[in-house]
Amino acid sequence: MKSDTENCAHSRGLQVVSGSEFRCQDCEQRLDVGGLERWVWAAEKARDEAYSVVEGDEFSEIVIDQRQREVYRRRRMMYELRNVPRMVAARPEMILVSYDFTEDAYECRIFYKEPRPAWELERVNVKAAFNTILELRSHPDPNVRLASGKIEEFHVLRRRLVKQDALPPSRRVFYQNEL
Ligand SMILES: [Zn+2]
């Protein structure tokens, strides 16, 4: 059945029509390689927009989660259609550090450009204290070690602002160019 092209999520997947053309079984939209990339890019843009919302309430966390999953889904589909081999060592594309007031701890989420390899951690929780943050520096996962530096950076900033009687931010996103 032909459905609305604009609103179709191509949820049943795309089929290869010819070498570099793909077709949705539901809406019959055809995409070339560039169209496929733009389709992935649109999901990335939607996710980044969700991040720019400063107030991180429970609802916006759900929205971010959904949009991140959509990015992964589209990328996975793109890589499969284009037969791109999975990377062995994934580099994070983004790290989100949020401060949990009730626990006095940081929650750190690591996002990967590739679908995350099974052995990579996606979430790290650590008490908001120097010694516990520094312990992460000797973690076996190199990306957790990388994240520990970012948690430390955010912790230093928050402490400085608290000392100055300023309101410290509750979350900070580190993009790939800062990692
Ligand atoms: Zn479709």
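Every read-out reported here was derived from the displayed coordinates using simple, explicitly stated rules and does not represent laboratory data. Values in this document were obtained by computation on a predicted structure and should not be read as measured data. Don't worry about glycine lacking a Cβ; one is built from the backbone with ideal geometry, like all the others, and counts go over all protein chains shown.
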(request) Consider a paramagnetic label point 7 Å from the Cα of ARG76 along Cα→Cβ; state which residues of the stretch 13-34 have an amide N under 20 Å from it. (result) 13-16, 23-26
(message) I want to verify a result. In a Gaussian network model of the chain, Cα cutoff 10 Å, which of these has the top mean-square fluctuation: ALA166, ALA129, ALA147?
(response) ALA166
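With N residues in the stretch 122-179, what two-decimal value do you get for its Cα radius of gyration over 2.2 N^0.38 Å?
For the stretch 122-179, the normalised Cα radius of gyration comes out at 1.17.
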(request) Compute the longest continuous run of the chain that contains no exposed trypsin sites (Lys or Arg not before Pro); treat a site as exposed when its DSSP state is not H, G, I, E or B and it has at most 14 other Cβ atoms within 10 Å. (result) 87-179
(request) Using Cα pairs closer than 8 Å and at least 6 residues apart in sequence, work out the relative contact order for the chain, in percent. (result) 15 percent
(message) Given a 10 angstrom Cα cut-off, can you work out which residue in LEU31, LEU167, LEU14 is the most mobile in a GNM of the chain?
(response) LEU167
(request) Write down the radius of gyration of the chain and its Dmax, each obtained from C-alpha positions, in Å. (result) 19.5, 63
(request) Decide, for the stretch 10-82, between rounded, prolate and oblate: order the square roots of the alpha carbon gyration tensor eigenvalues as a ≥ b ≥ c, take rounded if a/c falls under 1.5, and otherwise choose prolate if a/b is larger than b/c, else oblate. (result) prolate
